[in-house]
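All remarks here apply to the structure that follows.
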Amino acid sequence: MFNWFYRLGSPPHFYKLNRVIYPWIGLISILLIIIGSIWGLAFAPSDYLQGDGFRMIYVHVPSAYVSMLAYIVLAISAGIGFIWRMKLAHAVAVSAAPFGASFTLLALITGSLWGKPMWGTYWEWGDARLLFELLLFFMFLGYILLHSSFEDPNRGDRVSSILAVVGIINIPIIHYSVEWWNTLHQGPTISKLDAPSITIDMLLPLLVMIFGFTLFFFFLLLFRLQTEILIRSSNTQWVKSLFMDNAND
Amino acid sequence: MNIFWLIFFRDLKVAFKSKQELFTPYIFFLIVASMLPLSLGPISWNTPIIAVGFIWITILLSSLMVMDSLFRTDINNGTMDQFLILSYSFSFIILAKIFAHWIVSCLSLIILAPIVAVSFDFPTNKVFLLIVIILLTTPAISIFVSIGSALTASLQKGSVLIGLLILPLISPILIFATHASTLAINGESMSGSLYMLSAISIFSITFGPLICSSSLKASLE
């Protein structure tokens, strides 16, 4: 029943599979981002309150969404790696962390650029959403720093995966902080379960962008995972034979 | 006597023997209190809400400072290896150590926090509520900081990392603690916040020692 899972967990099998998959994911994500940007920036109607300034939503919301998704990917793969001692899962966690940090930083920067014309300030310390997004950035940095401070990579994998799993308690708090603390940050626009509070003309490009950003994150993750797998199994026979075959071609 | 209490009293004895480690949190607490007005200049300082902010930030900092030595001395002198091969639950040993450390660090807070709070014009009849909040919150803070201490136990320069790793995780607890303290000042019903703080503390006491012991095992294996 779990045979496919174990096969996916074997680095040589996954490496060969991934080689085929990740260029396609990258291509689709870039197409989606191009379509979404042109649609959102040029064709979507402008907001009656924020004018054209609202178009920052097409970068800000997808990157904030991906930043949380990245942490969930990081924590779940770290947990799988810790429980089943699966080396590939640790490699996924390690490759996800820097991109998670980058998307969090992107969300913070676009948010503060959006905040200046709309709220009149780049940064508001009293706002729970901003604060928790910043803390999410520190959680990624903490994971990266803790992992890199171990000389033995296996030990670093196991210890830092515990940190990643414990940190997942903060994700729901980041997600619901807008609803729990009614502060400067506007409430959620599309994640509400009832009808979204956005017109369909604005919503569709946003969904395209979110989907594109998500795929782009997975493309980056898989791209880095290739290198991570090669580094981690550099002493194994299949990597040696892989490079021997390439040299012979 | 039960191994749990043996380790608990051993750690208490060790803590009370080294006067320097015992008194550093008190002095640190008061030093930060006197640095705070200097850092912001002449504004109106005698407002209870500043006392709340000050007390929680100092509790965080002093618990971070104290907890650094929690596992490292035992690892360095080989006691931790003996604990690991003991036919007794390793998590309970960790819990005993955290419990002893909590007693030592919380004692200083229970003595000093009310005095400092009253000096900031915290309402005198509400001070016991503040002590209740501190008693309910500090177990969770101690557990989280000891998780950080366990994660960095085998690193030489781990103590610098603990703050970065653990403060983001403590922030939700801090929010509820501050909320409860503000409700106490305003004299509003605070049972909801107290229940929440107790729930957080019980949750972390249940799972924290397990997390600590597995990260210690992972970093020592």
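The values are calculated or read from the model by the stated rules, or taken from the named source; none is laboratory data. From a predicted model like this one, the values you see are computed outputs, not experimental measurements. When we count neighbours, we look across all protein chains shown, and the Cβ atoms used for this are built from the backbone with ideal geometry, even at glycine. With ligands, DNA and RNA removed, areas are computed over all heavy atoms of the protein, side chains included. Shrake-Rupley method; radii C 1.70, N 1.55, O 1.52, S 1.80 Å.
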Study note, to complete from the structure: Relative contact order in percent for chain A (Cα pairs under 8 Å, 6+ apart) equals 32
Practice item. For B:S89, list long-range residues whose amide hydrogen, built 1.01 Å from N in the peptide plane, is under 5 Å from its own amide hydrogen. Key: none
Practice item. For chain B, give the magnitude of the charge dipole about the Cα centre (Cβ charges: +1 Lys/Arg, -1 Asp/Glu; no others), in debye to the nearest 20. Key: 280
Exercise for review: Please work out the Cα convex hull volume for chain A and give it in Å³ per residue.
Suggested key: 156
Point to revise | Estimated inter-spin distance, B:N76 and B:F207, nm [label 7 Å along Cα→Cβ] | key: 3.3
Practice item. For helix B:127-151, report the angle its Cα long axis makes with the longest principal axis of the Cα atoms of chain B; keep it between 0 and 90° and round to the nearest 10°. Key: 40
Exercise for review: Let me have the relative contact order for region B:3-220, percent, based on Cα pairs under 8 Å that are six or more residues apart.
Suggested key: 27
Revision key, fill the gap. Cβ-Cβ cut-off under 11 Å around A:I229, Lys and Arg +1, Asp and Glu -1: the net charge is +4
Check your understanding: Over all residues in A:154-160, what is the mean tally of Cβ atoms on other chains that come within 10 Å of each residue's Cβ?
Key -> 5
Exercise for review: Express in Å², to the nearest 10, the accessible area of A:M118 obtained by rolling a 1.4 Å probe over the protein heavy atoms while all chains stay in place.
Suggested key: 60
Exercise for review: Find how many whole Å separate the alpha carbon centroid of region A:133-175 from the alpha carbon centroid of region A:202-236.
Suggested key: 19
Review point. Once the Cα atoms of helix A:200-232 and of chain A are each reduced to a long axis, what angle between those two axes, in degrees from 0 to 90 to the nearest 10, is obtained?
Key: 20
Point to revise | Test item: B:147-155 mean partner chain Cβ contacts at 10 Å | key: 4
Study note, to complete from the structure: Cα-based Rg and Dmax for region B:3-220, in Å, come out at 17.8, 60
Point to revise | In nm, spacing of pseudo-spin labels at A:I173 and A:I109 (7 Å Cα→C-beta vector) | key: 2.7
Study note, to complete from the structure: Once phi for every residue in region B:29-44 is put through the Karplus expression 6.51 cos²θ - 1.76 cosθ + 1.60 (θ = phi - 60°), the whole-Hz ³J(HN,Hα) values, with Gly and Pro written as x, are 4, 6, 4, 4, 4, 7, 7, 4, x, 5, 6, 10, x, x, 10, 6
**Study point:** Cβ-derived FRET efficiency at R0 41 Å, B:I110 paired with B:E221, nearest 0.05
**Key:** 0.60
Check your understanding: Cβ under 14 Å from A:V159's Cβ, A:V159 left aside: what net charge do those residues give with Lys, Arg +1 and Asp, Glu -1?
Key -> 0
Check your understanding: region B:25-99 to region B:140-199: how many Å between their Cα centroids?
Key -> 11
Practice item. Please turn the phi angles of region A:60-75 into ³J(HN,Hα) values with the Karplus equation 6.51 cos²θ - 1.76 cosθ + 1.60 (θ = phi - 60°), one per residue in order, whole Hz, x for glycine and proline. Key: 5, 5, x, 6, 5, 5, 5, 4, 6, 4, 4, 5, 5, 4, 4, 5
Revision key, fill the gap. What helix-only [θ] at 222 nm does the protein assembly as shown give? Using -39500 (n - 2.57) per DSSP H run of at least 4, over all residues, to the nearest 500, the answer is -27500 deg cm²/dmol
Review point. Using a simple spin-label model with points 7 Å from Cα along the Cα→Cβ vector, what separation in nm is obtained for A:N154 and B:V14?
Key: 2.9
Exercise for review: State the Kirkwood hydrodynamic radius of the protein assembly as shown in Å, one decimal place, computed from all pairs of distinct Cα atoms.
Suggested key: 24.8
Review point. Once you mark the chymotrypsin sites (Phe, Trp or Tyr not before Pro) that are in a DSSP loop and have at most 11 other Cβ atoms within 10 Å, what is the longest gap between them in chain A?
Key: A:126-249
Point to revise | Test item: A:88-97 mean partner chain Cβ contacts at 10 Å | key: 0
Exercise for review: Under 1.5 on a/c is rounded, so check that first for region A:96-137, then, if it is not, pick prolate when a/b is larger than b/c and oblate when it is not; a ≥ b ≥ c are the square roots of the alpha carbon gyration tensor eigenvalues.
Suggested key: oblate
